[in-house]
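Let me begin by presenting the structure, written as structure tokens, before commenting on it.
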Amino acid sequence: MNAESTGAAAQLPLSDDQRELLRQVFIDAFSERDDSDVPGCEDCAAAAGPLCTAHGADLDQADRYHELGIALGLFPAGPLIGTSARRRHGVLR
Ligand SMILES: [Zn+2]
């Protein structure tokens, strides 16, 4: 049974300093995706759904980044960044 089939976090051959730096890379990426004017943009206001296409895609991508970070063992499992942003902005779908 390998790590993939057991759901265990992947082990990256990195030093502690490198792991922390990689965590910071992810955090910077999260902030690029979820620290926006959701749902205050004009396109969000005009969209049929809770968010415009661009902001919805940003939050979906933030969730994918977060899932990867969890799979790599960089973050504990928990509510995903994009989903949390939707909840914070009252636009959870
Ligand atoms: Zn928008």
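A few remarks follow.
- Residue match in region 15-25 (condition: buried (at least 17 other Cβ atoms within 10 Å of the Cβ) and either modelled with pLDDT of 90 or more or hydroxyl-bearing (Ser, Thr, Tyr) (or both)): no
- Members of region 66-79 found to be buried (at least 20 other Cβ atoms within 10 Å of the Cβ) and within 8 Å of the chain's Cα centre (by Cα), listed by number: HIS66
- Only residues that are under 25 Å from SER15 (Cβ atoms) and within 14 Å of the ligand (Cβ to nearest atom) were counted in region 40-88, giving 0.
The values are calculated or read from the model by the stated rules, or taken from the named source; none is laboratory data. All of these numbers come straight from a predicted model, not from anything done at the bench. Neighbour counts run over all protein chains shown; Cβ positions are idealised from the backbone, glycine included.
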